[in-house]
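Enquirer: Got a structure for you, written out below as structure tokens; questions coming shortly.
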Amino acid sequence: MKVALFVTCLNDTMFPATGQATVALLRRLGVDVDFPKAQTCCGQMHVNSGYVPEAIPVVRAFVEAFAGYDAVVTPSGSCAASARHQHKIVAQRSGDPTLISGVQGLSPRVYELSEFLVDLLGVVDVGAYFPHRVTLHPSCHSTRLLGVGNRCERLLGAVRGITMVDLPEAEECCGFGGTFSMKNPDVSVAMGADKARHVRESGAEVLVAGDNSCLMHIKGLLTRQRAGVRVMHLAEILAAQEVAA
Amino acid sequence: MIVTRTFLGTPPFPVAAKAALANSQLRSNMRNATHTIRDKRARVIGELDDFEQLRDAAADIKDDVLANMGRYLVQAEEALTRAGATVHWARDAAEANRIVVGIAASHKVDEVVKVKSMATQEIELNVALEAAGIAAWETDLAELIVQLGDDLPSHILVPAIHRNRSEVREIFLREMGKVGMAAEADLTDDPAELAGAARRHLREKFMRAKVAISGANFLVADTGTLCVVESEGNGRMCLTLPEVLISVVGIEKVVPTWTDLEVFLQLLPRSATGERMNPYTSTWTGVTAGDGPQEVHVVLIDNGRTTVLADQVGRQALRCIRCSACMNVCPVYERTGGHAYGSVYPGPIGAILTPMLRGVGVDEATDALPFASSLCGACYEVCPVQINIPEVLVHLRAKVVDSHRTGVPGALQAAMTGASWTLGRSSRLALLQTCAGLGGRVFGRRGLIGRLPPPLSRWTDARDLPAPPRESFRRWWTRTDGGRRGAGSQPDGMGNERSEK
């Protein structure tokens, strides 16, 4: 199986450690993951903001970068959902039959990290060690658009040393919402403030999620409050191992 | 006499929402109310093992109606006429109002009683009646609270959801006496006492009124039967006591047969109030001699619905049965309340229905509505007729943007065009990352950026921004051959990229 990492533009630019952790984790599980350098972005920001024609070159770059792979794995539920559900809208708008068929072939082969691990590799225990109190924010796009169900909980539950604690009102949106966070900053912050409060109430040391976009927003509020809660991407916890003394 | 307020002049959503968020009483009322209904709904939906099949059936029935609307409407008109009702067709709000006012005026009345109805809210019928010197008394308890309080509805099912009971008591004490039977001076905020005051106040109007106006939840095409679903029984008083009954019905309310009601009467109360069955389900078919209203009118309104029907993605919004489950679960609506949406249809369904009924590209407030969502999808998850609200929101955002493409591009258009160019080729993204890394070193403190100038202050006013790292992922991959050589190949799993290195 030829596997490509779609790191996402956000992780590539802002959170390279998430990409590095994904690579380390997949290698440890025997997957020789490749990083096609022609990749850029899924185009979600454009589509969700109403700029569909502007998303056409972005989706075209996506299809060209990943066309030759059997599976594309990405550490983002939101970007996986974009590839699976929105690329066809963009391709239709382009009217380009090559792009339409390219998207048709590629979209179903794009997997969010937890889906890839549990469904394609068939692993739940990835051999990680992380002796901390952790709570999970199940991001909306993973939960509702992809339907990843309890895959993240199962993966985290198998990590040695970890203590998982419940996040109150976990299913509620954090309020990031892409450009929503800039177009409606007051509502976005009001939602995020409640999420941050729930994170503090959970008593966790670490907040984990499968999307750094949500985490960037929640962390932005937590650090402003000097809340002392760390945020980490799922890949980083799953990549963590006991350091040999 | 009461003068009904309208939503005209509501500022665009981000501005109205900012004001609403500052109202801590509103926030607390909304949080309590939405969470209570949300939990009740989840409990009674959980009892159904065929909920998903019911949703499938409901969506299928509505899609059949939308695909064959002309046929079902003509069938309904024939059945209604046979049963002794008079059917009127109204293309828009003005036409519908003219018809209703005309009928009421022909009976020389100066007041009508009203059953809670979204269609009459949508066409602002009360304003038209008042202009003709006819008082329109709302008889639904929550609508009464809104009307007496010189207020606007903020929810389609519980229009006074933004009020708590002590506010309701104050409104009753202050206002009831001005328009009818006053509340007792020793009225408390006990819900039973408040309901008692409303009952006495309304009873007087029920006994006196000659003309009633209603909407309808369903219109059964093959029999011409109208159906109203309610909790209080005040609707049934209006539907049975007056001599003349005028029902204003959106054309999408038609269902083919009585059998189809089986599906909707299971879904609607559970999705709406979280009840297995609502207390009052009234059905009537034209005129019954010697029983109930002897003059029955049905006004079928389009008012933008056929335009919505022509939109292949947006037409699913016409499946809506006005249950309000979407607003009760919406994290945005919960925090802003309904008034910020500037429409009788607030919340997620309002954010798609209002722009489609009004048309986009005309006014700023309408165009802001499809953007009043984080696209979390909670609405779609609960919708009993499976309206994919996030899908329609994204579709409408594109329509809004497309409607503004002529003329000088704004800042966002310029940014999106720039981003499209940058993300169209990886070498350009790499260049941007180099610049971002430099910027991070200039502006970052302990890995965070605290304050930025407008428009970026929209982020940094309340949130820190992570400083971009010196090395992007793609540069790391190139430098280390994908982590196979050199430093930094093994992340320590401590999230250190977000702290100072």
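Enquirer: Just need log10 I(q)/I(0) for the range B:411-488 at q = 0.11, 0.13, 0.17 Å⁻¹, Debye formula, equal scatterers on the alpha-carbon atoms, no solvent, rounded to two decimals.
Expert: Treating every Cα as an identical point scatterer, log10 I(q)/I(0) equals -0.38, -0.53, -0.83.
Enquirer: Moving on to the next point. Membrane-span-like helices in chain A: DSSP H runs reaching 20 Å or more (Cα, own axis), mean Kyte hydropathy at least -1.0?
Expert: A:52-66, A:185-202
Enquirer: Turning to a different aspect of this structure: Return the long-range amide H neighbours of A:Cys42 (sequence gap of 5 or more, or a different chain), with a cut-off of under 5 Å between placed amide H atoms.
Expert: A:Cys9
Enquirer: How large is Rg over Rh for the range A:169-245, taking Rg from the Cα atoms and Rh as the Kirkwood inverse mean of 1/r across Cα pairs? The partial results should precede the final answer.
Expert: On the way: Rg = 13.5 Å, Rh = 13.1 Å.
My calculation of the ratio gives 1.03.
Enquirer: Let me ask something else. Straight-line reach from A:Lys219: which lysines fall under 16 Å, measuring Cα to Cα and dropping same-chain residues less than 8 apart?
Expert: By straight Cα distance, A:Lys219 reaches A:Lys195.
Enquirer: Taking a temperature of 10 °C and a viscosity of 1.306 mPa s, what whole-number D in µm²/s does Stokes-Einstein yield for the range B:209-311 with Rh from Kirkwood over alpha carbon pairs?
Expert: 109
Enquirer: Provide the FRET efficiency to the nearest 0.05 for the B:Val408-B:Glu364 pair, computing r from the beta carbons and using R0 = 22 Å.
Expert: 0.85
Enquirer: Show me, for the range B:396-407, the HN-Hα J-couplings you get by feeding each phi into the Karplus relation (A = 6.51, B = -1.76, C = 1.60, θ = phi - 60°), rounded to Hz, glycine and proline as x.
Expert: 6, 4, 4, 5, 4, 4, 4, 6, 10, 6, 7, x
Enquirer: What would the Debye formula give as log10 I(q)/I(0) at q = 0.08, 0.11 Å⁻¹ for the alpha-carbon point model of the range B:48-303, no solvent?
Expert: The calculated log intensity ratios at q = 0.08, 0.11 Å⁻¹ are -0.32, -0.61.
Enquirer: Right, here's the next one. Which three lengths, in whole Å and largest first, does the range A:3-121 cover when its Cα atoms are put on their principal axes?
Expert: Rounded to whole Å, the extents work out to 42, 28, 23 Å.
Enquirer: Which ³J(HN,Hα) values in Hz, rounded to whole numbers, follow from the phi angles of the range B:139-156 under the Karplus curve 6.51 cos²θ - 1.76 cosθ + 1.60, where θ = phi - 60° and Gly and Pro get x?
Expert: Here the 3J(HN,Hα) series is 10, 5, 3, 5, 5, 4, 4, 5, 5, 5, x, 6, 10, 10, x, 10, 7, 7 Hz.
Enquirer: In degrees, nearest 10, range 0 to 90: what is the angle between the Cα axis of helix B:258-272 and the longest Cα principal axis of chain B?
Expert: 60
Enquirer: Checking the a/c ratio against 1.5 first, then a/b against b/c, what shape does the Cα gyration tensor give for chain A?
Expert: Judged from the Cα gyration tensor, chain A comes out oblate (a/c at least 1.5, b/c at or above a/b).
Enquirer: Okay, moving on. Compute the distance in nm between two label points, each set 7 Å from the Cα along the Cα-to-Cβ direction, one at B:Met277 and one at B:Arg451.
Expert: In this crude label model, B:Met277 to B:Arg451 measures out at 6.4 nm.
Enquirer: Once the Cα gyration tensor of chain B is diagonalised, what are the square roots of 5 times its eigenvalues, in whole Å and ordered largest first, as equivalent ellipsoid semi-axes?
Expert: Sorted largest first and rounded, they come to 50, 26, 22 Å.
Enquirer: If r is the Cβ-Cβ distance from B:Val442 to B:Arg485 and R0 is 30 Å, what FRET efficiency results, to the nearest 0.05?
Expert: 0.45
Enquirer: Which of B:Ala33, B:Phe7, B:Ile45 sits farthest toward the positive end of the charge dipole of the range B:1-60, with +1 on the Cβ of Lys and Arg and -1 on the Cβ of Asp and Glu?
Expert: B:Phe7
Enquirer: Now for a separate question. Using a 4.7 Å cut-off between beta carbons, which cysteines in chain B end up with no partner cysteine at all?
Expert: Result for chain B is B:Cys227, B:Cys238, B:Cys320, B:Cys323, B:Cys330, B:Cys383, B:Cys435, no neighbouring Cys Cβ within the cutoff.
Enquirer: Cross-link candidates for B:Lys210: which lysines have Cα within less than 23 Å, leaving aside residues fewer than 8 places away along the same chain?
Expert: B:Lys108, B:Lys114, B:Lys116, B:Lys178
Enquirer: Next up: Give me, ordered by chain and number, the residues 5 or more places off B:Val254 or on other chains with an amide H under 5 Å from its own placed amide H.
Expert: Here the answer is B:Leu219, since their amide H atoms fall under 5 Å of that of B:Val254.
Enquirer: Within straight cross-link reach of B:Lys18, meaning Cα distance under 17 Å, which lysines are found once same-chain residues fewer than 8 apart are removed?
Expert: A:Lys183
Enquirer: Let me know the charge dipole size of chain A about its Cα centre in debye, to the nearest 20, where only the beta-carbon of Lys, Arg (+1) and Asp, Glu (-1) is charged.
Expert: Details: 22 positive and 23 negative charges, 55 e Å.
That gives a dipole near 260 debye.
Enquirer: With θ taken as phi - 60° and the coefficients 6.51, -1.76 and 1.60, list the Karplus ³J(HN,Hα) couplings across the range B:4-10 in order, rounded to whole Hz; mark glycine and proline as x.
Expert: With coefficients 6.51, -1.76 and 1.60, one gets 6, 7, 10, 7, 3, x, 4 Hz.
Enquirer: Within 10 Å of each residue's Cβ, count the other Cβ atoms and sort A:Glu201, B:Glu124 from fewest upward.
Expert: Result, fewest neighbours first: A:Glu201, B:Glu124.
Enquirer: Now for a different question. How big is the C-alpha Rg of the protein assembly as shown next to the rule-of-thumb value 2.2 N^0.38 Å, as a ratio?
Expert: The value comes to 1.04.
Enquirer: State to the nearest 20 debye the size of the charge dipole of the protein assembly as shown about its Cα centre, where the only charges are +1 on K and R beta carbons and -1 on D and E beta carbons.
Expert: The dipole of the protein assembly as shown has a size of about 2720 debye.
Enquirer: Something else about it: Please give the charge dipole size of chain B, origin at the Cα centre, charges +1 on K and R Cβ atoms and -1 on D and E Cβ atoms. Round to the nearest 20 debye.
Expert: Dipole size: approximately 2600 debye.
Enquirer: Can I ask one more? Which listed residue (B:Pro293, B:Ile389, A:Leu29) has the Cα farthest towards the positive end of the charge dipole for the protein assembly as shown, taking +1 on Lys and Arg C-beta and -1 on Asp and Glu C-beta about the Cα centre?
Expert: The residue sitting farthest along the positive end of the dipole is A:Leu29.
Enquirer: May I ask for the net charge around B:Arg31, where only other residues with Cβ less than 13 Å from the Cβ of B:Arg31 are counted and Lys, Arg are +1 while Asp, Glu are -1?
Expert: -1
Enquirer: If amide hydrogens are placed 1.01 Å from N in the peptide plane, which non-local residues have theirs closer than 5 Å to the one on B:Val298?
Expert: B:Thr86, B:Val87, B:His88, B:Ser247
Enquirer: While we're on this one: Give the order of B:Met118, A:Met14 when sorted by the count of other beta carbons within 10 angstrom, beginning with the fewest.
Expert: The most exposed by this proxy come first: B:Met118, A:Met14.
Taken together, the values in this text are just the output of simple stated rules run on the coordinates, not laboratory data. Owing to the predicted nature of the structure, the values given are computational and were not obtained by experimental measurement. Virtual Cβ from ideal backbone geometry, glycine too; neighbours counted across all protein chains shown.
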